[in-house]
Each structure stands twice: as C-alpha cells, then as structure tokens.
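Beneath this line is the structure, given in structure tokens, with notes to follow.
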Amino acid sequence: MSRVIVLGAGVLGASVAYHLAVAGAQVVVIEAGGPAAGTSSATFSMDVTHLKTPRTYYELNRASSALHTTLAEELGGPSWRHPMPAIQWGDSEESQRGLRERAVRLKSWGHPCRIADPSELRELAPDVDPAACTASELVIHDQSAWYDAPLFVQRLLDRAATLGADIRYGLRAEALIRSGDTVTGVETGTRRWEADWVVNCTGPDADRIAALAGTDLPMTRIPGLVGESTPIPGLRLGAILATPQVDLRPAPGDRICSISWPVDALLPGQSDDALAERLHAAGQRILPALRTASLAGVRLGVRPVPTDGLPLAGTHPDAPGLYHLVTHSGVNLAPELGRLVAQEITHGDGPDLARYRITRDIATSVEDESLTLMTTS
C-alpha cells in the first residue's frame, strides 16, 4: 500500500486524495488553512472547456467536465455541478469575428455550441437588460455548467475520509524530508510525516514547495477579483453570461457571482474597494436586478498559472518522490487530473499526462487560449 502525503486541500488536492483513497493508498492531506480555503473558494468556477487550446488540452478539459457528472453520481447527495447554457457575445466586429471563428473550430471538434440570434437572450435570461447586448449574434454553449467549488471539495474530502484518508488542517509544510535525492516526507513545525510520495497541490504556493527541494516550477500568479451579491429573490438567470465587460452566473442562495477581465487588468494599481465598485457596476449594466443588491463580498483569488497555460504534472529529476500538480481552471480539470495522478502514483507512469511534464520545453508563445484572454483584456 502506497503512503501518500497530499499538500493542499483545494480542488486539486481533494480530487487527488479522493482518487488515491479509492485506489487503496494510505493518504494524509496537509492543508495550511481549511477545505477550499485558497483559490478554490475565490474562482468563477464554470465549465471553461470551450476556451481551451490546443485540441489535446481541449479534450482533457472535456473529459474532466464529463467526469464531474460521473463523480456527482458516485458520491450521491446534492451536486456541486449546475448545468446551464453559457452565452457569449462581443462588442466589436473583431471580438464577434473571434467568437464566430472559435465556434466554428469547436463545432469541428464535436463541441456542442451554436451561433444564435440575440432574441434567444430574452428566452434564456429574461432579466438581462436588452440594451446590454448590441451584438448581431450570440454564441451559445448549451451543455455548459457552473460549479459550487467549496461543496465539491468538501464532498471529495468527506468521502476520502470515509475511505481512511487522514485530513489535517492548520498545518504548513515547512521542510521536506529526503533520503539522498528522494523526497520521503514533510515537516510541519515539530511534526515529521513520512511517505512514499508527496503530491504538491498547493496552488499559488506550489513553487515554494518546489524550492524546498531545490527545484523550480515555470509558473506565475495572476490575481483576480470574484464578487458575490446579496440575495436577489426571484431573479431569473438561466444562463452563464460571458460579456465583454463582465461574466455573471448564479450562485447559491439566490446570489450572483461576477468576474471581470478588464477590472482584473487594473490590479494591483487601484484599491480593492474601487475595483469592487467597478465590478458591481459592470454587472448592474447587464442585470438591472443587481441595482437592488449590493456586493456581499469580494475575494481576491490568486491563480497559479503555468507559463504556457498548460498544466504542470510530474516529478523533477533532482527531487524524485515529490509530484507536482499545478494548473489554472483547476475546478474544471480537477476530476480528470486527480484520477490520472492517482493512477500514475499507484500503477506507475502512464502516457496521458506525458505532454504536461514539468520538465518539458515551455513554448515561447502561450498555447492555452483562455490564458490569452486572462492576460490581454
């Protein structure tokens, strides 16, 4: 039986821990805060498969999106996955052309999307201000969804615990234990934890863990604001809205979750309060019902982003025994990445994650289209 320490109890750590426990490994999860305490609770959390390139990465996201449904059936109880269409539109000829070209490409890959008349906006999201969309066409992804990420994490960790996983909160990895070059455990203050594998799922902190082993990871951190409104009873938002200035989706408790790439581009120059006001105002222009609500809270999430936008998975030759897993869009990718990492650790290296090794030559240009959107808005 493999002994595995999973560092981090966000979406990636929870998924890895769950799949390892299912495979019969002896699992300890070590988390500095609480479940989903970091980026996993400060994210827009939607199915972003339609934004992913190249095709191999798109297929990985599509498989993981499908696995969300399978996992929800396996675990039973309330689901964290909320299916609904995602609607995109542009505000210029250039942006509209880009959306159309992407839709054509996605349809050639078998992705369920379509180009539609703006009148459908009134049917799918009747509370949207008609004047907010001046585009001549929409792109609709009928089989999209948004995720309740904290619920997802808690459900995975609860099931992992019933399978024998030891979940420890309030502990921070301060040093790595080594036997020669091989990482064989973790030190948290005065406590030593020994294992056959240590899996680094610490998100923005992942490069610090790598540095403890004398290695580095080709990644950066990109901050973003995620807003959530006070409850708006009776609001009819039956779709996820991806507009030029703000993205909006339902959230638990009759609330609205919002993000804005243009607002995020102003970080860290302006104050969080000023940016929060801009974020909420952008949402109010799309959904007039938001004018009767306020922001219940705004969280600053720090996205761990590999340099080329593609996941980092695997070990460094100078530190065997320490397995790294770093990606953005982690909520969407967590089911499949967790399954594949657990499979590699319990059964040996497989081909599925070969293109995402941390030792690969990082492309000079960004390969993931969603990272381009994140950094150029």
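The values are calculated or read from the model by the stated rules, or taken from the named source; none is laboratory data. Just so you know, these numbers come straight off a predicted model, no measurement behind them. Every residue, glycine among them, receives a Cβ derived from its backbone with ideal geometry; neighbour counts consider all protein chains shown. The accessibility values were calculated without ligands, DNA or RNA, using every heavy atom of the protein model including side chains. Shrake-Rupley method; radii C 1.70, N 1.55, O 1.52, S 1.80 Å.
So, in Å, what gap is there between the alpha-carbon centers of the range 79-102 and the range 284-359?
For the range 79-102 versus the range 284-359, the Cα centre distance is 22 Å.
Once you order the gyration tensor axes a ≥ b ≥ c over the Cα atoms, which shape class does the range 68-203 get: rounded for a/c under 1.5, otherwise prolate or oblate by comparing a/b with b/c?
Details: a/c = 3.14, a/b = 2.35, b/c = 1.34.
Because a/c hits 1.5 or more and a/b exceeds b/c, the range 68-203 counts as prolate.
Among Pro317, Pro335, Pro244, which one moves the most in a GNM of the chain with springs linking Cα atoms closer than 10 Å?
Among Pro317, Pro335, Pro244, the largest mean-square fluctuation in the Gaussian network model of the chain belongs to Pro317.
With every protein chain kept in place and ligands, DNA and RNA left out, what is the accessible area per residue of the range 194-344? Probe 1.4 Å, answer in Å². Working shown, then result.
Numbers: 5260 Å² over 151 residues.
Each residue of the range 194-344 exposes 35 Å² on average to a 1.4 Å probe.
Pop a pseudo-label 7 angstrom from the Cα along the beta-carbon direction at both Arg299 and Arg236 and give the gap in nm to one decimal.
In this crude spin-label approximation the distance works out to 3.1 nm.
Can you give the Kirkwood hydrodynamic radius for the range 125-274, in Å, rounded to one decimal and based on Cα pairs? Display every interim value, and only then the final one.
On the way: mean 1/r = 0.0502 Å⁻¹.
Averaging 1/r across every pair of different Cα atoms and inverting gives 19.9 Å.
At 0.36 nm per residue, and after removing the present C-alpha to C-alpha distance, how many nm does the segment from Ser136 to Thr56 gain when stretched out fully?
Full-extension gain reported as 25.6 nm.
From zero up to wherever the largest Cα-Cα distance of the range 1-154 sits, split into 10 Å bins and tell me the percent of pairs in each.
Per 10 Å bin, starting at zero, the Cα-Cα P(r) for the range 1-154 comes out as 10, 30, 31, 19, 9, 2, 0 percent.
With an 8 Å cut-off on Cα pairs and a minimum separation of 6 or more residues, tell me the relative contact order of the range 1-92 in percent.
Numbers: 70 pairs, mean separation 18.6, N = 92.
Contact order relative to length: 20 percent.
Considering only protein heavy atoms and a 1.4 Å probe, what is the carbon-and-sulfur percentage of the accessible area of the range 1-93? Let's see the in-between values first.
Values: 1640 of 3030 Å².
That fraction is 54 percent.
Net charge within 13 Å of Gly283 by Cβ-Cβ distance, Lys/Arg positive one each and Asp/Glu negative one each, not counting Gly283 itself? Can you show the working numbers first?
Numbers: positive: Arg249, Arg255, Arg278, Arg285, Arg291; negative: Asp127, Asp129, Glu228, Asp247, Glu277.
Result for the neighbourhood of Gly283: 0.
Residue separation times 0.36 nm, minus the C-alpha to C-alpha distance between Arg105 and Ala175: what's the value?
Numbers: separation 70, 0.36 × 70 = 25.20 nm, distance 4.66 nm.
The span from Arg105 to Ala175 would gain 20.5 nm if fully extended.
Using only helices, what value at 222 nm comes out for the chain when you add -39,500 (n - 2.57) per DSSP H run of length 4 or more and divide by the total residues, to the nearest 500 deg cm²/dmol?
Details: 10 runs with 121 residues, N = 377.
For the chain, the value works out to -10000 deg cm²/dmol.
Tell me which residues come under 5 Å, amide H to amide H, from Thr188 once H is placed; ignore anything under 5 positions away on its chain.
So Thr188 has HN proximity to Glu174, Trp193.
Enter the accessible area of Ser370 (Å², nearest 10), with the probe set to 1.4 Å and all protein chains included.
Approximately 10 Å² for this residue.
Cβ neighbours within 10 Å, averaged per peptide: list 74-82, 138-146, 223-231, 347-355 in order, most packed at the top. Walk me through the intermediate numbers first.
Values: 74-82: 14.7, 138-146: 21.4, 223-231: 19.7, 347-355: 12.1.
For the peptides 74-82, 138-146, 223-231, 347-355, the packing ranking is 138-146, 223-231, 74-82, 347-355.
For the range 192-246, treating each Cα as an identical point scatterer without solvent, what Debye log10 I(q)/I(0) comes out at q = 0.15 1/Å?
Results for the range 192-246 at q = 0.15 Å⁻¹ read -0.71.
Please quote Rg/Rh for the chain to two decimal places, taking the Kirkwood radius as Rh and restricting both calculations to Cα atoms. Working shown, then result.
Details: Rg = 20.7 Å, Rh = 21.3 Å.
Result: Rg/Rh = 0.97.
Mind checking which of Tyr57, Tyr18, Tyr169 has the largest fluctuation in a GNM of the chain, springs on alpha carbons under 10 Å?
Looking only at Tyr57, Tyr18, Tyr169, the biggest GNM fluctuation is shown by Tyr169.
Springs between alpha-carbon atoms under 10 Å, Gaussian network over the chain: tell me which of Ser271, Ser45, Ser136 tops the mean-square fluctuations.
With Cα springs under 10 Å in the chain, the top fluctuation among Ser271, Ser45, Ser136 is at Ser271.
What distance in nm separates the two pseudo spin-label positions at Ala354 and Arg208, each 7 Å out from Cα along the beta-carbon direction?
Each label point lies 7 Å from its Cα, and together they span 3.6 nm.
How high is the relative contact order of the chain, in percent, counting Cα pairs under 8 Å that sit 6 or more residues apart? If you can, show how the numbers build up before the last one.
On the way: 797 pairs, mean separation 96.3, N = 377.
After rounding, I find 26 percent.
Using Cα pairs under 8 angstrom and six or more residues apart, how large is the relative contact order of the range 277-356, in percent?
Details: 51 pairs, mean separation 17.2, N = 80.
Result for the range 277-356 is 21 percent.
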